[in-house]
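First comes the structure, then the notes that go with it.
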Amino acid sequence: MRPPFADVKRDALLAACALAPPAADGACRWCAEPLPPRRRTWCSDRCGDAFWANHWWSVARSTAKRRDRYRCRRCGTRAPKRPAQSAHRTRAAYLAAMRAWRAAKRTGRLEVNHIVPCEGKHGELSCAHHLDNLETLCPACHKEHTSALRAPRAVAVA
């Protein structure tokens, strides 16, 4: 059972969200279509999924990576691809390929960056996670982007 405050937070977020239409009785809170019988918030699972993909960090992060086809938006680096078991003749060859993939994944991973910083809102429902505010970056590009954001702040504080 979901806690009652989750619905209150979601409704407050939908009221302020630029992506959601104005609230209307009997209408989907995401696309404003009439609600089918026995539905209270979303007209379909697609609308509910779209809401969560734009407001909940873990869902938004995986959606952004999928949208960017697992490539860094700045330099084009790809994440290492998991080996398929059917591509290897023996189990030992497959396990060796999996070990190599796990090792490459540690350094070749992709990260999702907030273009406009979210400043600690990762663990809550927030419009900071809209997909148009997210980009997939390799660790080097993400570090470069973050250090560029920190430089003006350091000058402003000093």
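Each value in this text was obtained by applying a stated rule to the coordinates, not by laboratory testing. As the structure is a prediction and not an experimental result, all values here were calculated from the model. Please note: Cβ atoms are built from the backbone with ideal geometry, for glycine as well, and neighbour counts cover all protein chains shown.
Structural remarks
- Note on the chain: Lys pairs 8 or more places apart or on different chains, Cα atoms under 21 Å apart, count 8.
- Residues whose amide H falls under 5 Å from that of Ile115, counting only those 5 or more places apart or on a different chain, are Leu134, Glu135, with hydrogens built in the peptide plane.
- Region 36-48 - phi-based ³J(HN,Hα) in whole Hz, Karplus 6.51/-1.76/1.60, Gly and Pro as x: x, x, 6, 10, 10, 10, 10, 6, 7, 5, 4, 5, x
- Each label was represented as a point 7 Å from its Cα along the Cα-to-Cβ direction; for Lys81 and Leu149 these points are 3.1 nm apart.
- Ordering 46-56, 17-27, 107-117 by mean Cβ neighbour count within 10 Å, with the highest value first, yields 46-56, 107-117, 17-27.
- Over all pairs of different C-alpha atoms, region 27-105 has a mean inverse distance whose reciprocal, the Kirkwood radius, equals 16.0 Å.
- Global geometry of region 1-147, whether rounded, prolate or oblate, following the gyration tensor of its Cα atoms and the 1.5 cut on a/c: prolate
- In a simple Cβ point-charge model (Lys, Arg +1; Asp, Glu -1; nothing else charged), region 8-116 has a dipole of about 1000 debye relative to its Cα centre.
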